[in-house]
Amino acid sequence: MAHTAHSPALVHQFETAEQQHEAGNLGMWVFLATEVMFFGGVFMAYIVYRALHLPAFIQGSHFLNVTLGATNTAVLICSSLTMALAIHAAQTGKSKSTIMMYLILTMLLGIAFLGIKFTFEWTADWREGLVPGLHFTYSGAYSSGVQLFFCFYFFMTGLHALHMIIGLGILTTLTVMASRGRFNSVYFAPLEVSGLYWHFVDIVWIFLFPLLYLIGGRYGGGH
Amino acid sequence: MSDHAEHAGHVVPVKIYVGVFLALLVLTGLTTTVAYIDLGQTHIGLHHEIDWNTVAALTIAVAKMLLVVLFFMHVKYSPGLTRLVVAAGFFWLAIMVALTLSDELARDWTDTAQPWSVLLPLAGSLAKVPALLALLLRS
């Protein structure tokens, strides 16, 4: 083993850097398992209420902009790649400016996602009067069911956006740490576990996009 | 552990990251395109139907999730304990979905004979098997 107990990156309760690395990842995955159940409860509620109010949910889905949803999916996938490359840069001993570049790119893509979400989508929903409780003026077919759909839409995308904002805070911290030269090929645990979080938030969107935007007769005028 | 002694964690080649990234973009395009094609529905029983567009969209989403989990999140290269925790997380989610849907989807099954109703006497007989076994063992 190249790493001795004197390595500043290795805390004393671990035998090797490898063991420390695996323990850190395991802990993060336990947290992510609780996140799976946290989002899972909301997804479950969405599935049940969609089954109970199918025509209304299909009607509601037609108000969403598929082009913006698909664009945002692509933006998040790009940000997952840059996040993975930031960790790769640390693992392979690249300079701190390389790590910082990938982290800043990830943040910019995250900001682009939120920008599209808030300024194009949510603003348009407000203009069209599709915000339950605050500004809901739609009175066409299945109006109460459509209102329920938009309750789910804002709660689910809002919860996801909150996770993105927390992720941006974490990325800011990581960028500062990288600028101080904290990461190297042996110690990059904060990058790795934050990467797991960022990819998890990406996965949530991978399911939100089809569930909210795509399913339910995009091909016609509904059933 | 001997195969990655120089670095903490497995170093995934950039080529694999880029490949996964391109696959994710292609699948995003595919799921968006397929949403505009009517794949039809199949009726099962009296009250339910399988919407093939929904099946396609969710299948692609699961495929994308697996790509992210296995490669971006390094689960393919993680030790068994980590994989077990990952699998357990999704397994518990599956329990919640399965039990909730078993109620939700079965609510209108009562009072109407279904194709599977013919299996009920068989299920009743099977339920008696443990008691019969217990009797045989005691004698």
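Lysine pair count for the protein assembly as shown with Cα-Cα distance under 22 Å and sequence separation of 8 or more or different chains is 6.
Each Lys and Arg Cβ is given +1 and each Asp and Glu Cβ -1; about its Cα centre, the protein assembly as shown then shows a dipole of about 440 debye. The modelled label-to-label distance between A:S143 and B:Y36, using points 7 Å beyond Cα along the C-beta direction, is 3.2 nm.
Among A:L212, A:L159, A:L130, the largest mean-square fluctuation in a Gaussian network model of chain A, built with springs joining Cα atoms closer than 10 Å, belongs to A:L159. Build a GNM of chain A with springs between Cα atoms under 10 Å: which of A:H12, A:H160, A:H88 gets the top mean-square fluctuation? So, out of A:H12, A:H160, A:H88, the one fluctuating most is A:H12. Toward the positive end of the charge dipole of segment A:84-194, with +1 on the Cβ of Lys and Arg and -1 on the Cβ of Asp and Glu, the farthest Cα among A:G110, A:I170, A:S144 is that of A:I170.
Electrostatic bookkeeping for B:V69 treats Lys and Arg as +1 and Asp and Glu as -1; over the other residues with beta carbon under 12 Å from its beta carbon, the sum is +2.
Largest GNM mean-square fluctuation across A:A161, A:A33, A:A84, computed for chain A with C-alpha springs under 10 Å, falls on A:A33. By the combined test of axial Cα extent (at least 18 Å) and Kyte-Doolittle hydropathy (mean at least 0.5), the qualifying DSSP H helices of chain A come to A:17-52, A:66-91, A:96-115, A:143-179, A:189-208. Angle between the Cα long axis of helix B:120-138 and the longest principal axis of chain B, 0 to 90 degrees, nearest 10? For helix B:120-138, the angle is close to 80 degrees. Each residue, A:L26 and B:L136, gets one label point 7 Å from its Cα in the Cβ direction; the gap between the two is 4.4 nm.
For the pair B:R83 and B:V118, the difference between a 0.36 nm per residue extended length and the Cα-Cα distance amounts to 8.4 nm.
For A:L130, the residues whose modelled amide H falls within less than 5 Å of its own, excluding neighbours fewer than 5 places apart on the same chain, are A:T137.
We did not get these values from a lab; they are worked out from the coordinates using the rules stated. Owing to the predicted nature of the structure, the values given are computational and were not obtained by experimental measurement. Neighbour counts run over all protein chains shown; Cβ positions are idealised from the backbone, glycine included.
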